[in-house]
1. What are the residues in the range B:671-700 that are small (Gly, Ala, Ser) and open to solvent by 70 Å² or more (accessible area, probe 1.4 Å), if any?
2. Filter the range A:338-358 down to residues that are in a loop (DSSP other than H, G, I, E, B) and among the hydrophobic types (A, V, I, L, M, F, W, C), then give me how many there are.
3. With respect to the numbered conditions (1) under 17 Å from B:Ser335 (Cβ atoms); (2) at pLDDT below 95, which one is the sole condition not fulfilled by B:Cys284?
4. Evaluate the following for B:Val414: is it over 19 Å from B:Ala587 (Cα atoms), open to solvent by less than 10 Å² (accessible area, probe 1.4 Å) and touching a residue at least 12 places away in the same chain (Cβ under 8 Å)?
5. Just the residues that are at pLDDT 95 or above and on the phi > 0 side of the Ramachandran plot, please, taken from the range B:176-223.
6. For the range B:125-142, enumerate the residues that are open to solvent by less than 80 Å² (accessible area, probe 1.4 Å), in a helix (DSSP H, G or I), in contact (Cβ under 8 Å) with a residue 60 or more places away in the chain and closer than 19 Å to B:Cys475 by Cα.
7. Can you find, within the range A:77-106, the residue that is nearest to the chain's Cα centre (by Cα) among those that are surrounded by 24 or more Cβ atoms within 10 Å (Cβ to Cβ) and within 14 Å of another protein chain (Cβ to nearest Cβ)?
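The values are calculated or read from the model by the stated rules, or taken from the named source; none is laboratory data. Keep in mind it's a predicted model, so treat the numbers as computed, not measured. Positions of Cβ are generated from backbone atoms using ideal geometry, with glycine treated the same way; all protein chains shown enter the neighbour counts. What goes into the accessible areas is simple: the full protein's heavy atoms, side chains included, and nothing from ligands, DNA or RNA. Shrake-Rupley method; radii C 1.70, N 1.55, O 1.52, S 1.80 Å.
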Amino acid sequence: MEAIAPIKEVSDLIRDAGGDAFKLCFQCGLCTVSCPWNCVRSFSPHQMISQAKFGLADIEDEAWWLCSTCNMCISRCPRGVSITDIMRSVRAIMMEYQYNMAQPSLRSAMGSLRGNGNPWLEDREKRSAWKQDLQLEDFHQDMDLLYFPCCVPAYDPKLRSVARASAAILQAAGVRFGILGSKENCCGESVRKAGNDELFESLVKSNISAFEAEGVREVIVSSPHCYTTFKEDYPGFGAQIKVFHMTQYLADLIDRGRLKFRKELRKKVVYHDPCYLGRHNGIYDEPRKILGSIPGLEVMDEIDSRENSLCCGGGGGRIWMETKKGERFSDMLVDQAISLGADILVTACPYCLLNFMDSVVTADKGDVLEVKDISIIVQSAL
Amino acid sequence: MLNSDTLNQAPVPTMRKVGAVLVAGAGVSGIQAALDVANSGFKVYLVDKEPAIGGRMSQLDKTFPTNDCSMCILSPKFIECATNPNISVLTESEIDRIDGEAGTFEVTLTHKPRYVNPEKCTGCRTCSEYCPVQVLDPYNENLGTVKVIHLPFPQAVPAVSTIDPSHCLFLSRQACQICVPVCRNKAIDFHHQQEKSKIDVGSVILSPGYEAFAPGRQAQYRYGAFRNIVTSLEFERLLSASGPNRGVLRRPSDGKRPQKMAWIQCVGSRDTTAGHKYCSAVCCMYAIKQVILSKEQIPGLDAVILHNDIRAYGKGFERYYERARNTPGVRFIWSKASILRENPETGEVTIRHRVNGFGIKDEAFDLVVLSVGLTSPDSNRQLADRLHVETNSHGFCETQPFSPIETSRPGVYVCGVFRAPMDIPDSVTMASGAASFASELLSDQRGTLVTETSYPPERNVGGEPPRVGVFVCDCGTNIVKVVDVANVVTYARGLSGVVHAQEETFSCSIDSITRMVATIKEKGLNRVVVAACTPRTHEPVFQDALRQAGMNPHLIEMTNIREHCSWVHTGEREAATAKTRDLVRMAVSKARLLDPLQRLSYAVTGAALVIGGGISGMVSALALARQGIRVHLVEKEEWLGGLGRRIRSSIEGGNVRAYVRKLIREVYANLLIMVYTESDLIEVSGYVGNFSSRIRAGKRGAVKTISHGVTIVATGAEELKPDAYLFGKDRRVATLLELEEEMEDHPDNLRDCSTFVMIQCVGSRDTERPYCSRICCTHAIKNALTLKKINPYMEIYILYRDMRTYGFREDYYREAAEKGVIFIRYDADDKPDVEAVEENGRSFLRVTVTEPVLGRRLMMDADRLALGVATVPSAGNSSLSQLLKAPLNEDSFFMEAHMKLRPVDFPTDGFFMAGLAHGPKFVDESIAQARAAASRAMTILAKKEIMAGGTICSVDGKKCTGCGVCQEICAFNAIEVDAMAGVAIVQKALCKGCGLCVASCRSGALDILGFSEEQTLGMIEAIMEGAH
């Protein structure tokens, strides 16, 4: 076998791009055997890390784009290696050297985000069109909370109901909240994971100026992705906001008796733990408390739940990328929900919702399984 | 006298010190410390919060690497503790606080209400039979049930039943109380209250042990969710003959015998997400043990161990690992595991693991064992806080470099796992070490608080016809419910020589013993037969009774009609009773032939010979000299210090050079230590307590004779100079120790080095030396960290087979990785290549190795190369071993008496070993072992006289042909053919009465007193004759 020398320049490049976590890896293989990709194809993150360490990474390999940043590996890694940071760093290098390494659909989403603040080339001004006839105020300083819906409920016709339901629930609970509409843009979380640090920075700074201009101090979000980036990344850019996920806030309202359920919902539901709510932020009990409080509802866990839950495939920017049929985690989760006898697959993340809805349609199981956000369930029981 | 040079010792107040020691925690470490301290002349309080002593080791099935039954090697130590008049065993007790100073502590204890009076309970277990409530059995890790009132485990000491107060119907709800009247000795009393007591001691030894990691905290293991996933401690109970399945391996869900099993390593260890970053040091080895034992039970078993590194670093470990590797059906796979799912019908657990570096495979197993780590529970930390003892960042006891046994509080010492995760030999070694500190601190109070029982003078029974008394025990109901004891008593009365026979409910109870003594005197009995339980636990009790009655203690014969009869023949009353009559008849026949056996006493020479003046030799010498013992320290080189002179630092940052210099100063300053440098040992003769040796001393080689009571072998080891990787041929290739010296003495040489490669396992773990040299992985990392200080941009590669940075050394492995040191694993079958290359005007060493994850050959052009070479036995070992008649093991290191429980003793009494002579180890470990050797030596030197004799070998000179077979066979060097006399002579001080020589004697010249041929053949005839 021909011997090759490690290429220090490449490993230094990856290190400087933020991937120096590879130093700590002691090649135990736990990331690879834990990664959901190995349920549908072969994917070896530990090998990729070794390649990064020796500077022998094939940067053009499409495998670097597979990671959905579900954190299954990180939650188990005994050395605390930030594996997703390594993936991100290589993507960032690829973005810089050869922008067209990213998939066309991702590039299109990024272009739209840059120009319109949303990934679908929709008008910036239409960002609050979801409210329609709801009596919602624009945020002003005296209000308690800003409701930040996420681009998906804001624009996607299938999921506008999530934003509407969330707003309705907050109103019913007497929360004084407002929205920013076109003053805000996408939180940027997905493009940071896709390696586009420059675009991410501009989206963040623009949001932070909007928050400061309007005096936003506390934000409530529908998406765990928005939640995570507001909590972890935004402070580094100077943001001084406190963020709640809808499930945290609603669970608290229920505890304080400010949310009462008057209607029954006699359905069997399976609750799916979104990666960015569960593994990333440890929020497992609040959604279950909410569902458990709804009269008549039979709530089941997935076969692998909580810390072990399977990713829907939407994180890491993959929501903007094509996934081959037969390799879609959301297909597997929908099948599982059906086999558990569920009427509804409930979750608390817009990316999960998009993926599950897509899977139900492709499997033609629309008359067997409904897919709903937890806010919809809550609203229907008020 | 307290020596102010001893680290961390505070000045002694003017109050007189107390000659007593408290040992907190009665696992194997606590037990060993207690025994050494008691045998060195001090009173000991052995305290444990559990109802019985034994700790974790009592729960193990077998121990690695000898596969000894854990309880078999441990329970004799229980008995020693129980019967030693100077040890008070205080169970169900905890320490509240310790006030005072070293030498004069006042300890406040809380004693939980036990509700069972230990003075009256005989452990007969009748109460358990009647108790109506079952609870999960904590001794069996909740895998089986036990009654609320129960004996903690069959061999428990004290053999006193304990009550689970939260489930006891009376204690929780005022209902029941069945056990009270049922107990024939009225031992149960529900009025017991919690009590406090205060004890005065001079020193405290902390050995509170560990708790196994609870894997339920980590969802990835599915523990509790999937039925066929167990922890390693649960698995020990499943394997154990005293476990819930009586030793038949079955899996929990359906009792099926597993055909395919997986062990998952590093559960709760080396794991940031589990909250424990350190290595638990024993799990690799215990998993290998469990695989070997499981394969013995189920030969067709498919066994898989999923591991990160395999840390088989200790003496004999690598061979044990090899044995497992070579067992068909056993696979070691370098991969951590993901537990995927459970099959609801078959109960099989599917696991995903890596294959061949970068592939993956899913496999289904019948049973999965999680090799859980050793944690320091909150209760340990709370105890340390209450006692003002500091703990480290991992929650274990904090100690200083070169002082692994002293805690932050003077007079308080630590041993066992509370110090750091460690195996049994290291725990036992450290326990003896702790004992030596206590002994040294309290040296001037030695013997002040010990009790010597006094007995009436022995009656001479010579010439009397046998007058046998037979005592047949009911053992509560244990015996009498199966055997018709009254019938046996009547029968016994009719046997020849028997003048008294009686039934006793509990022969071992205090009032029974008092009656026995009175009966012996009244009836003028001169032989006693006790038909009861096992002599293993109870013979000393009855022998003591005989002495109280003025009889020679060897005039008793016990026969076991419980373990050998009633317990194994339940439901067969007639046959069992007939068998009991046979057993009693045999015992009486022997009793008639018993002779009184005398012990001689001889004085102990209060001096020690220490062979080897390195770190270990000097530490032992100082420990003994400070207790008033004269020490003769013999060193073959011109200077003291041994290999310690070359080591610069320890990885924890201790300055080894300064430490060695300090030791040398202290040795020369101590007037009781005679130092002989450039000296050799010519001859050692004599026996324990009475040695006479000759040395050739100094340059002029004058011959000196030394009298000493004990010998400590501390002759060290050497660094291999290998013939590999251009060593010795290229100046750029050095050993790790040479590199260490160079970095300290000439750091500038290395500043311009841009690429450095280290190759591990050079000369170790191969066919020539199938052992691990233990220190080299850590040594490489220590050197790498120093190199990074010299030049932070240096590329450092360490090529290893397993990284064996066990215990807290794992922290440094992590630190090296954080600093950018690159680790590459290589296979024994695919070793790296090294070539000296000149290319483009540059000269370097090209190292090529196959990287297993990439599956490619990597090439590093190194400026320098360092080799992790083997630590090899000292060249002088084989001639020394002949001189001392002390065996070497397969790898030519000195062989200890027992690998697990006597790691410091030679098989021959009076000889001890310390340091590298025993095997490769770190400086701290050598220091601990050197202190242990001093403690073990002290248990002999502290005695004014040694008793020899009893049930030992005797030689019939007329039959002996002087063939010498017995001398060859004896494991204790206790018999030798005297050249002048031409016959074998028994060294009474050393003979254990094991009988090996008797069986080997072709002339029938040998016999064991107390187990003579006449007596034994007589018993066989007694069985043959006679009606039932």
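1. We begin by selecting, within the range B:671-700, every residue small (Gly, Ala, Ser); these are B:679, B:685-686, B:689, B:692-693, B:697-698.
Answer for the range B:671-700, where residues must be small (Gly, Ala, Ser) and open to solvent by 70 Å² or more (accessible area, probe 1.4 Å): there is none.
2. First pass over the range A:338-358, keeping only residues in a loop (DSSP other than H, G, I, E, B): A:340-343, A:348-349.
If we keep only those that are among the hydrophobic types (A, V, I, L, M, F, W, C) as well, we get A:340, A:342, A:348-349.
Final tally of qualifying residues: 4.
3. The number of the failed condition is (2).
4. Details: over 19 Å from B:Ala587 (Cα atoms): yes; open to solvent by less than 10 Å² (accessible area, probe 1.4 Å): yes; touching a residue at least 12 places away in the same chain (Cβ under 8 Å): yes.
Spelling it out, B:Val414 is indeed over 19 Å from B:Ala587 (Cα atoms), open to solvent by less than 10 Å² (accessible area, probe 1.4 Å) and touching a residue at least 12 places away in the same chain (Cβ under 8 Å).
5. B:Gly209, B:Arg222
6. Correct list: B:Thr126, B:Cys127.
7. Within the range A:77-106, the match that is nearest to the chain's Cα centre (by Cα) is A:Ile83.
Table: residues versus (1) within 14 Å of another protein chain (Cβ to nearest Cβ); (2) in contact with a Gly (Cβ under 8 Å, 6 or more places away or on another chain).
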{"residue": "B:Ala281", "(1), (2)": "no, yes"}
{"residue": "B:Glu296", "(1), (2)": "no, no"}
{"residue": "B:Glu348", "(1), (2)": "no, no"}
{"residue": "B:Val355", "(1), (2)": "yes, no"}
{"residue": "B:Ser371", "(1), (2)": "yes, no"}
